[in-house]
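None of the figures in this text is laboratory data; all of them are computed from the coordinates on show. Remember, predicted model here, so these are calculated numbers, not experimental data. Every residue, glycine among them, receives a Cβ derived from its backbone with ideal geometry; neighbour counts consider all protein chains shown.
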Amino acid sequence: MKYNFKRFDYSLHPVIVLALFVVGINASFAKETMPENAQEKRYSDGWECVNGYRKNDNQCKAIVVPRNGYLTESAYGSGWECKHGFAEEEMSCNIIDVPSNAYLKASGDSWECNRGYREAGESCVIIKVPKNGYLSEYASKQGWECEFGFRPIGNACVAIKVPVLGFITGSFYGLGWECERGYREEENDCVAIPVPNNGYLTNISDSRGWKCKHGFSRVEEACVAIKTPKHGYQSSSSYGPGWDCERGYKATETQCIAVKIPEHAHINHAGNDWQCDRPFERQQNKCVISR
């Protein structure tokens, strides 16, 4: 269907004018029906309630602020908060009952026990620090920690038993001690680590506590010289046989075998195999152009 916009039916002119008039009246009416205690929005169309009022059924109703509360400028939440020293509870502000040996927090909405006391329900009880213990600066359950060389067991600080050739770590986990370099823990004792010939002690935590020197590999409890095949060289990797093949050779269990490169191919990036030149494709042991 085609419309002829060049022709205009002037009989419709009064209808259009009336429609525009009605729209204008409605817009004016909508603007005039802005409820009491409302204001136009600054950065968008419409209106919003002034401070102290909340929108409810297209009206601005006053926010009921409980005793010991005050209005906030936030458009979210209840629109009020409790004064310092009061806490909100069931739409009211109740005074915070600070127990003995406690103080009101800076936030004003809760309390905390004085140093040397810990929270127990709605009261603060004195912290009983055991011998070889001290008051904790952190909020721990018992409110105290043990001095260096002691660990908490029940309500006491018990001395950590350190074996000969061991030292205290200060850690709360594990045994609380470790063995000196060259020794390892066995049945709560420190025993010497037997390092084989061509081996050396490790600084990191290791099941054996030693590793083999370069050019040797670990075989059970010994360090055995690595036999490097022809066209091979010793590698620094801690895995595998301890040697790699030169570029152009491929490793078997004991040898380095030359890579046979077919026509229209070249050695790959790794150097231990070949790949076809473009546009050839590999099929078994040769390079062909697929059709």
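Tabulated results
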| quantity | calculated |
| --- | --- |
| Calculated SAXS-style log₁₀ I(q)/I(0) at q = 0.15, 0.18 Å⁻¹ - region 55-166, Debye, Cα scatterers | -0.78, -0.93 |
| Likely footprinting exposure, Val195, Val164, Val125, fewest C-beta neighbours within 10 Å first | Val164, Val125, Val195 |
| Orientation-averaged projected area, Cα convex hull of the chain (nm²) | 43.1 nm² |
| Residue order, fewest to most beta carbons within 10 Å, for Thr228, Thr33, Thr202 | Thr33, Thr202, Thr228 |
| Nearby lysines by direct alpha-carbon distance to Lys128 (threshold 20 angstrom, same-chain neighbours under 8 apart not counted) | Lys141 |
| Region 195-237, Cα convex hull volume normalised per residue, Å³ | 71 Å³ |
| Equivalent-ellipsoid semi-axes of region 171-291, from the Cα gyration tensor, Å, largest first | 48, 17, 9 |
| Under 20 Å from Lys227, Cα to Cα: aspartates and glutamates that are on another chain or at least 8 residues apart | Asp244, Glu246, Glu253 |
| Cα centroid separation, region 159-228 to region 248-263 (Å) | 40 Å |
| Relative contact order (percent, whole number), the chain, Cα cutoff 8 Å, 6+ residue spacing | 5 percent |
| Candidate aspartates and glutamates for bridging to Lys41, where Cα separation is under 19 Å - those fewer than 8 sequence places away on the same chain excluded | Glu32, Asp57, Glu73 |
